[in-house]
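Notes to accompany the following structure.
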Amino acid sequence: MKVEILVPDTLSDITLGQYQKYLSIIEGSEDSSFIDIKMIEIFCGVKLSETLKMKFSDIKAVCDILEQMLLEKPQLINRFKMNGVEYGFIPNLEQISMGEFIDIETFISDWQQMHRAMAVLYRPVAHKYGEKYNIEEYKETDGDHMKDMPMDAVFGCMLFFYSLGIDLSQAMMSYLQDQEETALMQFPNLAGDGDGISQFTNSLKEMLRDLRISQN
């Protein structure tokens, strides 16, 4: 039986929610056939019953395209449109609030919570001035709406942080050192020894390794 499917060939064609679903389903599985079938079901929108009717060679060909797509290394995407709303990346990381930093650090180390981290990093654009823009003030949210964001923006954001490396840590340290001592006492893991920042950066590196993304 012929099954017609639309195969995404770029990360902009899949969403964070799809990727999270894919990871949750294949976690711990060593069954390559199962992984191939679920990859097509999730990323191509094909029902499992229809996927099972496809030729083995066609399934392999489609999965090769999808696997190559997941190896893309996109640049940071400053702005993108989602569901009719334009979202922008935080214009100045050195000016983020303590609450923003804590939420980023808390959620970015867990793929199933990644949408919450992205809700901090990308927010609706409030005003634009040519290429410059500012974004709406951060309000704590479950971030579910960010599950619809394109994966090229997610990967690009993570690669951006990874490439910054020490520079990001230094910027965060500079910010934290300017805070009131009483505020730091409330969050001892973020104090001057940099443990919190180190954990943040290491989490990014570990996730990127898992995704087989490198700077080389």
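When region 143-161 is examined, which residues are found to be under 22 Å from Leu66 (Cα atoms) and in a loop (DSSP other than H, G, I, E, B)?
Scanning region 143-161 gives a single hit, Met149.
From the list Glu105, Glu4, Glu72, Glu30, pick out the single residue that is over 17 Å from Ala117 (Cα atoms), touching a helix residue (DSSP H, G or I) at 6+ places or on another chain (Cβ under 8 Å) and among the charged types (D, E, K, R).
Glu72
If you check Leu48, Leu70, which single one turns out to be out of contact with any strand residue (DSSP E or B) (no Cβ under 9 Å at 6 or more places or on another chain), over 30 Å from Pro124 (Cα atoms) and not acidic (Asp, Glu)?
Result: Leu48 is the single residue among Leu48, Leu70 that is out of contact with any strand residue (DSSP E or B) (no Cβ under 9 Å at 6 or more places or on another chain), over 30 Å from Pro124 (Cα atoms) and not acidic (Asp, Glu).
Under 7 Å between Cβ atoms, which residue pairs at least 6 apart in sequence (or on different chains) link something in region 133-150 that is in contact (Cβ under 8 Å) with a residue 24 or more places away in the chain with a partner that is assigned to a helix (DSSP H, G or I) and of a type in the set (Lys, Arg)?
Cβ pairs passing all conditions: Asp142/Arg116; Gly143/Arg116.
Since every read-out is calculated from the coordinates, none of them should be taken as a lab result. On a predicted model such as this, the values are computed, not experimentally measured, just so you know. Positions of Cβ are generated from backbone atoms using ideal geometry, with glycine treated the same way; all protein chains shown enter the neighbour counts.
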